[in-house]
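The values are calculated or read from the model by the stated rules, or taken from the named source; none is laboratory data. The shown structure was predicted, so the numbers you read here are calculated from the model rather than taken from an experiment. Methodologically, a virtual Cβ is constructed for each residue, glycine included, from the backbone with ideal geometry; neighbour enumeration extends over all protein chains shown. What goes into the accessible areas is simple: the full protein's heavy atoms, side chains included, and nothing from ligands, DNA or RNA. Shrake-Rupley method; radii C 1.70, N 1.55, O 1.52, S 1.80 Å.
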Amino acid sequence: MTSNALSGGTDEGTGQRDRWHAETRAVVAGRDGSPGAPLNVPPVLASTFRDGSSPRYGRWGNPTWEALEEALGALEGGSTVAFSSGQAATAAVLDGLAPGSVVVHPTGAYTGTRELLATLADAGRLGLRPVDVTDTDAVLEALPGAGLVWIESPTNPLLGVAEVPRIVAAAQAEGVVSVVDNTFATPIAQRPLGWGATMVVHSATKYIGGHSDLLLGVVVTRDNTLRAALVRHRTLHGSVPGTVEAFLALRGLRTLPVRFARQQQTAALLAERLRVHPAVTAVHYPGLADDPYHRRAAALMSGFGAIVSFELPSATAADALVRAVELVIPTTSLGGVETTVERRGRWPGETGVPAGLLRLSVGLEHPDDLWGDLSHALDTAPSRA
Ligand SMILES: *Cc1c(COP(=O)(O)O)cnc(C)c1O
């Protein structure tokens, strides 16, 4: 994949499955419909397969991943390639770029994405143009001559919202490949392929798996040539998903629409309550009517996500809250059924984030229990320290 493997190819139609709602597609897709077949494609634990119409080996493909790929493709509206992690999916996308290509990327992208881009730039492989992805004019100005634009929206952890359709359309006009990391929004709240994005990337480790019990990543595209290049990359680099992980991710995906709907509802409620709590100095959640990204999110997305960031006056106050919560789990990562909290500024690489900012990933506990825990921690922690 030395020349530009990320361009060209034909558009794959998304077919009849697109007529169904997401809840239905999540349940129906990726099943073997033949008589006598088990309802669920089982975890096929085989490194090799008896000769049939064509030779088959476990690194080239596996029925369990294929079921997951079909189901996730049905949700995003494209064709999916599953990888061992979100990071492996990102690496496969970036490796498809011709040497010396310039990547326009958000200053607030996922840490692993930023570190990988920096490593590739240090090695002289790629050039970088960092932008504030919520500043559409800045992004459009950076596009001419670039090879790829990486979009993450909502952003992490400040939950800014990018004008994805405009960026994607401008990229298309400039012949620039556009990639959207859709991990935070999930295909339930945002479907970038419908706007013309070349690829969508997910860390399925987060909402798609949804139970904090696996690592898995995917790339989704409507471009068959590109899909073939990504499969070839996965096969040659061996960045294949585990079979049990693929089984669990598909099981998680079946309930993604209902989980995410409930998580978004609870997130909105907690954001409203946090906003009026005297110890909280700011709340970042695009679902709040006075959030700077509210109108944009309301116009572009079909939900505001289930991550809420809020600020306390200092790192000390935020750390005290993290120690005081009993139900909410102090940890990194996000997207599980359990509510988790983290002071993002504890990571040295997290620049430009207020020291007292806490990122809350809202799970499926009862909202009153969550608010009880959070408000108790806010009231008792030495938050004015
Ligand atoms: C976690 C995450 C990744 C990386 O995925 P892994 O599955 O941890 O490799 C990429 N992007 C975003 C937005 C993430 O949250």
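Quick test of your reading of the structure: residue 288 fulfils all but one of (1) under 24 Å from the mean Cα position of the chain (by Cα); (2) open to solvent by 30 Å² or more (accessible area, probe 1.4 Å); (3) without any contact (Cβ under 8 Å) to a residue 24 or more places away in the chain. Name the failing condition by number.
It is condition (2) that residue 288 fails.
Determine if the stretch 320-337 includes at least one residue that is among the hydrophobic types (A, V, I, L, M, F, W, C), open to solvent by 40 Å² or more (accessible area, probe 1.4 Å), in contact (Cβ under 8 Å) with a residue 12 or more places away in the chain and out of contact with any strand residue (DSSP E or B) (no Cβ under 9 Å at 6 or more places or on another chain).
Yes: one or more hits.
Looking only at residues that are of a type in the set (Ser, Thr, Tyr) and open to solvent by 60 Å² or more (accessible area, probe 1.4 Å) in the stretch 23-71, which one is nearest to residue 237 (Cα to Cα)?
57
Taking the options 25, 56, name whichever one is more than 16 Å from the ligand (Cβ to nearest atom) and farther than 19 Å from residue 251 by Cα.
Only one candidate passes the filter, namely 56.
Would you confirm whether any residue within the stretch 250-266 is assigned to a loop (DSSP other than H, G, I, E, B) and open to solvent by less than 10 Å² (accessible area, probe 1.4 Å)?
Checking the stretch 250-266: not a single residue is assigned to a loop (DSSP other than H, G, I, E, B) and open to solvent by less than 10 Å² (accessible area, probe 1.4 Å).
Just give me the residues in the stretch 141-164 being in contact (Cβ under 8 Å) with a residue 12 or more places away in the chain and open to solvent by 40 Å² or more (accessible area, probe 1.4 Å), in sequence order.
144, 145, 158, 163
Among 360, 370, which is modelled with pLDDT of 95 or more and more than 16 Å from the ligand (Cβ to nearest atom)?
Of the residues listed, the single one that is modelled with pLDDT of 95 or more and more than 16 Å from the ligand (Cβ to nearest atom) is 370.
Check the stretch 346-368 and report whether any residue there is charged (D, E, K, R) and more than 25 Å from residue 109 (Cβ to Cβ).
Checking the stretch 346-368: at least one residue is charged (D, E, K, R) and more than 25 Å from residue 109 (Cβ to Cβ).
Going through the stretch 104-123 one residue at a time, which ones are in contact (Cβ under 8 Å) with a residue 24 or more places away in the chain and away from the ligand (no atom under 15 Å from the Cβ)?
Correct list: 104, 120.
What are the pairs with Cβ atoms under 6 angstrom where one residue, in the stretch 165-194, is surrounded by fewer than 19 Cβ atoms within 10 Å (Cβ to Cβ) and modelled with pLDDT of 95 or more and the other, located anywhere, is assigned to a helix (DSSP H, G or I) and of a type in the set (Val, Ile, Thr)? Sequence gap at least six, or different chains.
The qualifying pairs are 166/136.
Give me the pairs, please: first residue somewhere in the stretch 246-260 and under 20 Å from residue 43 (Cα atoms) and without any contact (Cβ under 8 Å) to a residue 24 or more places away in the chain, second residue anywhere and polar (S, T, N, Q) and in a helix (DSSP H, G or I), beta-carbon distance under 6 Å, and either six or more positions apart or on two chains.
That search, which allows pairs on different chains as well, returns nothing.
Kindly indicate whether any position in the stretch 263-273 is within 16 Å of residue 335 (Cβ to Cβ), within 16 Å of the ligand (Cβ to nearest atom) and under 15 Å from the mean Cα position of the chain (by Cα).
Among the residues of the stretch 263-273, not one is within 16 Å of residue 335 (Cβ to Cβ), within 16 Å of the ligand (Cβ to nearest atom) and under 15 Å from the mean Cα position of the chain (by Cα), which makes the answer no.
Of everything in the stretch 126-140, what is open to solvent by 50 Å² or more (accessible area, probe 1.4 Å) and either in contact with a Leu (Cβ under 8 Å, 6 or more places away or on another chain) or modelled with pLDDT under 95 (or both)? Give them in sequence order.
Listed by number, the list holds a single entry, 128.
Residue 228 versus (1) closer than 22 Å to residue 338 by Cα; (2) free of Cβ contacts under 8 Å to residues at least 60 places away in the same chain; (3) open to solvent by 10 Å² or more (accessible area, probe 1.4 Å): which is the lone unmet condition?
Against the list (1) closer than 22 Å to residue 338 by Cα; (2) free of Cβ contacts under 8 Å to residues at least 60 places away in the same chain; (3) open to solvent by 10 Å² or more (accessible area, probe 1.4 Å), residue 228 comes up short only on (1).
From the list 98, 82, 74, exactly one residue is more than 10 Å from the ligand (Cβ to nearest atom), open to solvent by 10 Å² or more (accessible area, probe 1.4 Å), at pLDDT 95 or above and hydrophobic (A, V, I, L, M, F, W, C). Which is it?
Just a single option satisfies the conditions, and that option is 98.
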